[in-house]
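This report concerns only the one structure given below.
The values are calculated or read from the model by the stated rules, or taken from the named source; none is laboratory data. Computed from a predicted structure; not experimentally measured. Methodologically, a virtual Cβ is constructed for each residue, glycine included, from the backbone with ideal geometry; neighbour enumeration extends over all protein chains shown. Surface areas here come from the heavy atoms of the whole protein model, side chains and all, with no ligands, DNA or RNA. Shrake-Rupley method; radii C 1.70, N 1.55, O 1.52, S 1.80 Å.
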Amino acid sequence: MKLIDWIDLPNLGDERGGLVVAEASKNIPFDIKRLYYIFDAKPDIPRGFHAHKELHQVAFCIKGKCRMLMDNGLEKQEVWMDEANKGLMIPPMVWHEMHDFSEDCVLLVLASDYYDESDYIRDYQAFLVELKNERV
Ligand code: T46
């Protein structure tokens, strides 16, 4: 699977403004059980720094911009998120970090399951060990 995998949703907007639609199991490749959004993040305070064991997510930067670092243990890539209709897939077992939030940034995340802290791996060394165990 590609480390950077975007979902491009059409902008159905017109002269009145933009409109983007996400539909579970249609243009979003999982059943959406939760959404959350991050706003008023501080430009110099990064967030994330974890991987999920099972959770599938897709993140849309619906206003402003931020930089997302994605790391599958073999490869790291960084992308700018700054288009409201482009969602970045965050699959299980990808370490991700969000940096350089613009002051107006709003990051909307659709998730395949309810919040469960036991699904998080928040220690980078533990993440690498878990990946190694998966590969044997
Ligand atoms: C992710 C990235 C992109 C809840 O109680 N319920 C929730 O649904 C969420 C998302 C968070 N929380 C609690 C857990 C922490 O006590 O809210 C607090 C802040 O969460 P966290 O430090 O994990 O926030 P981020 O910005 O580092 O990560 C978040 C998501 O948690 C995470 O799943 O992939 O955004």
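Residues of region 39-74 being outside any strand (DSSP E or B), open to solvent by 80 Å² or more (accessible area, probe 1.4 Å) and closer than 22 Å to Y120 by Cβ, which ones? First the steps, then the outcome.
So the first thing to find is which residues in region 39-74 are outside any strand (DSSP E or B), and the list is 40-46, 53-56, 64-65, 72-74.
Still in the running and open to solvent by 80 Å² or more (accessible area, probe 1.4 Å): 40, 42, 44-45, 53-54, 65, 74.
Correct list: K42, I45, K53, E54, L74.
Do the conditions hold for I32, that is, is it at pLDDT 95 or above, within 17 Å of the chain's Cα centre (by Cα), β-branched (V, I, T) and within 12 Å of the ligand (Cβ to nearest atom)? Walk me through it before giving the result.
On the way: at pLDDT 95 or above: yes; within 17 Å of the chain's Cα centre (by Cα): yes; β-branched (V, I, T): yes; within 12 Å of the ligand (Cβ to nearest atom): no.
So I32 does not fit the description; no.
Of the residues in region 114-125, how many are more than 10 Å from the ligand (Cβ to nearest atom) and either under 24 Å from G64 (Cβ atoms) or open to solvent by 20 Å² or more (accessible area, probe 1.4 Å) (or both)? Show your work before the answer.
Start the filter on region 114-125 by keeping residues that are more than 10 Å from the ligand (Cβ to nearest atom), which leaves 118, 121, 123-125.
From what's left, either under 24 Å from G64 (Cβ atoms) or open to solvent by 20 Å² or more (accessible area, probe 1.4 Å) (or both): 118, 123-125.
Total satisfying the criteria: 4.
Looking at region 23-62, which of its residues are in contact with a helix residue (DSSP H, G or I) (Cβ under 8 Å, 6 or more places away or on another chain) and either more than 13 Å from M98 (Cα to Cα) or free of Cβ contacts under 8 Å to residues at least 12 places away in the same chain (or both)?
Hits for region 23-62 are H52, K53, E54, L55.
Among the residues of region 92-111, write down those that are within 11 Å of the ligand (Cβ to nearest atom), under 25 Å from N27 (Cα atoms) and in a loop (DSSP other than H, G, I, E, B).
P92, V94
Based on what the data block shows, is N11 within 15 Å of the ligand (Cβ to nearest atom) and either in contact (Cβ under 8 Å) with a residue 60 or more places away in the chain or open to solvent by less than 20 Å² (accessible area, probe 1.4 Å) (or both)? Walk me through how you get there before you give the answer.
Numbers: within 15 Å of the ligand (Cβ to nearest atom): no; either in contact (Cβ under 8 Å) with a residue 60 or more places away in the chain or open to solvent by less than 20 Å² (accessible area, probe 1.4 Å) (or both): yes.
No: the conditions fail for N11.
Could you grab me the full set of residues in region 77-109 that are of a type in the set (D, E, K, R) and either in contact (Cβ under 8 Å) with a residue 40 or more places away in the chain or open to solvent by less than 20 Å² (accessible area, probe 1.4 Å) (or both)?
Here is the first cut: in region 77-109, the ones of a type in the set (D, E, K, R) are 78, 82-83, 86, 97, 100, 103-104.
Within region 77-109, K86, E97, D100, E103, D104 qualify.
Would you be able to tell me the number of residues in region 1-38 that are of a type in the set (S, T, N, Q) and in a loop (DSSP other than H, G, I, E, B)?
Final tally of qualifying residues: 2.
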